[in-house]
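Quick notes on the structure that follows.
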Amino acid sequence: MRLIFDKSVKDRACVTLPASEIPVYSVKNAGFLRIAAAELPEVSELDLVRHYDALSARAYGVDSGFYPLGSCTMKYNPKLHESMAGLCGFTDIHPLQDETTVQGALEVVYLLTEYLKEITGMDDGSLQPAAGAHGEFTSLLMTDAYFRSKGERRKKILVPDSAHGTNPASAAMAGFSVVNIPSRRDGLVDLNALRAETDGGVAALMLTNPNTLGLYEKNIAEIAEIIHANDSLLYYDGANLNAVMGKIRPGDMGFDIMHINLHKTFSAPHGGGGPGSGPVLCKSFLRDFLPYPLVGASEGGYGFLKPPKKSVGKVRSFYGNFLVALKAFAYIIALGRGGIRDAAEKAVLNANYMCALVSEFLEAPFGGARMNKTEVSECGGEGGCAGSFECAAESEKSKKFGGACMHEFVVSAEKLKVDTGVSALDIAKALIDYGMHPPTVYFPLTVHEALMFEPTETESKETIDAAAAALREIVGEAAKNPEKIKNAPFTAHVGRPDEVKAARKPVLAR
Ligand SMILES: *Cc1c(COP(=O)(O)O)cnc(C)c1O
């Protein structure tokens, strides 16, 4: 597509304004005047509209089709929440206005924090961080401040090898050194390795549960015991909260501090660089280190609390991305207690169902792998295996099936690659021709040729069936005609960009 600049024709304009009736004043200091006119494209309104309309048609989002990008929880974002976030009472206010004139907005900040505390089993929190990784970073600053306040310096953060890349990155940015904890063959944290690495220099273990393989860390109580016996903190990466919200709470599992990705779990749109929201929540003994401003409620209404005594300071302007928080608030009150739990159960059920379908032709090294379609539906749903974490981790039924997965699952194309030369990347690319967004690939690093799917609760059985059928067709084609799959996609505007250069040196026109 040509750039808007290439479509420019001299003196063509969208609008022609009448001559101004206001007298012209000459600027005193001519040094501030620009010498040449700005180089702006000169196009008609219709050319402009068509240009941007064509560009928008090239964007792919959850509203366009299936988006099973594992770890990213690309659920549908209800339009109701967009309209709430568009209300002028929320958009036309300024954070420096007097508290008494923004009571509604402060109520949202206060109540959302209360709901998040309830959902996570934590005692306090701040909505300030602007993304999950930012929440990790903030929590690690708080962790550091906590140990310093006790007169201790602890410089190590433990991170399992299946962790999201942001975990070690945030730890390094916050000045810690990262110690890698290997996973066992079943994908869970190796407790012996954890014990061996847990010493007086360890500030925290960062963990997500269910983990990035979509597996519930059933030894979480023991993990918490090991960490707490060493006076270290247990950090919860809340990116996978969608699998357990309303069912079990990180606070009850023994976690001390955590972040939530409001833009994943609580349905604010994300991708393409933001905006997001990554609130930090903590147990009461860490309250003093939270960033501010914090909002409290009293008889007289809502207002700012005094900054916590040992606060790490501000990590973002004002309250963070307020409108993202507002959409999450709308989501929570629209679903209610029962709806939140139901969303988690359906997210787990959908993942297990899709895993059962896909593992018929791609190896699923963990979890739902060994269940077939009938077995999942037998044990899925209310009170059943796929619907609950206890069951996923522990029940007789799920043990019989080799353990269910939670809200996402990983399959491996390693065997297919050996047999046909077709890789996980090739399969992902071929899915584009079926009108779908590819899954996450080559993550977690612990699985070779990994494809990681997270269908989320908002997808229908028909959509999941169609995706599994497309995958089956691709894998079948790979055996017959590998070169074709290796050159896919054929319908995309840009098929195989250089994975590194595409981000650093984008080609903007072709
Ligand atoms: C998405 C994700 C993060 C980082 O969150 P951002 O909001 O993208 O910064 C951290 N951990 C896990 C497991 C994630 O999936």
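The values are calculated or read from the model by the stated rules, or taken from the named source; none is laboratory data. Only a predicted model underlies this, so the values are computations on that prediction, with no experimental measurement involved. Here the Cβ is made from the backbone with ideal geometry for all residues, glycine too, and neighbour counts use every protein chain on show. These accessible areas exclude ligands, DNA and RNA; they are computed on the full protein's heavy atoms, side chains included. Shrake-Rupley method; radii C 1.70, N 1.55, O 1.52, S 1.80 Å.
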Expected output for the range 167-178 (first residue over 23 Å from Asn240 (Cα atoms) and without any contact (Cβ under 8 Å) to a residue 60 or more places away in the chain, partner within 15 Å of the ligand (Cβ to nearest atom) and of a type in the set (A, V, I, L, M, F, W, C), Cβ below 7 Å, 6+ apart or cross-chain) is Phe176/Leu140; Phe176/Ile157
Being open to solvent by less than 10 Å² (accessible area, probe 1.4 Å) and near the ligand (Cβ under 9 Å from one of its atoms) is the filter here, so list the residues in the range 130-144 that pass it. Gly132, Gly135, Glu136
Going through the range 125-137 in order, the residues found to be assigned to a loop (DSSP other than H, G, I, E, B) and in contact with a Pro (Cβ under 6 Å, 6 or more places away or on another chain) are Leu127, Gln128
Answer yes or no: is there a residue in the range 96-114 that is in contact with a Lys or Arg (Cβ under 8 Å, 6 or more places away or on another chain) and away from the ligand (no atom under 16 Å from the Cβ). no
In the range 257-268, how many residues are in contact with a Cys (Cβ under 7 Å, 6 or more places away or on another chain) and more than 11 Å from the ligand (Cβ to nearest atom)? 1
Considering every residue within the range 349-356, establish whether at least one is within 29 Å of Thr463 (Cβ to Cβ) and assigned to a loop (DSSP other than H, G, I, E, B). no
In the range 53-69, the residues that are of a type outside the set (Asp, Glu) and modelled with pLDDT of 95 or more: Gly65, Phe66, Tyr67, Pro68, Leu69
Quick one: in the range 275-312, of everything that is of a type in the set (Val, Ile, Thr) and outside any loop (DSSP other than H, G, I, E, B), which residue is nearest to Ser126 (Cα to Cα)? Val280
Can you list the helices (runs of 4 or more DSSP H) lying wholly within the range 415-510 that have 1 or more residues being in contact (Cβ under 8 Å) with a residue 60 or more places away in the chain and surrounded by fewer than 16 Cβ atoms within 10 Å (Cβ to Cβ)? 461-480
Kindly indicate whether Gly276 is closer than 22 Å to Pro78 by Cα, within 21 Å of the chain's Cα centre (by Cα) and open to solvent by 70 Å² or more (accessible area, probe 1.4 Å). no
What are the residues in the range 38-75 that are more than 16 Å from the ligand (Cβ to nearest atom) and of a type in the set (D, E, K, R), if any? Glu39, Glu42, Glu45, Asp47, Arg50, Asp53, Arg58, Asp63
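To keep it simple, each residue is scored yes or no on (1) open to solvent by less than 40 Å² (accessible area, probe 1.4 Å); (2) in contact with a Lys or Arg (Cβ under 7 Å, 6 or more places away or on another chain); (3) not in a loop (DSSP other than H, G, I, E, B).
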{"position": "Ala37", "(1), (2), (3)": "no, no, no"}
{"position": "Glu42", "(1), (2), (3)": "no, yes, no"}
{"position": "Val49", "(1), (2), (3)": "no, no, yes"}
{"position": "Ala57", "(1), (2), (3)": "no, no, yes"}
{"position": "Gly61", "(1), (2), (3)": "yes, no, no"}
{"position": "Gly65", "(1), (2), (3)": "yes, no, no"}
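Looking at Met84, Met122, can you tell me which residue is in contact with a helix residue (DSSP H, G or I) (Cβ under 7 Å, 6 or more places away or on another chain) and outside any helix (DSSP H, G or I)?
Unique residue meeting the criteria: Met122.
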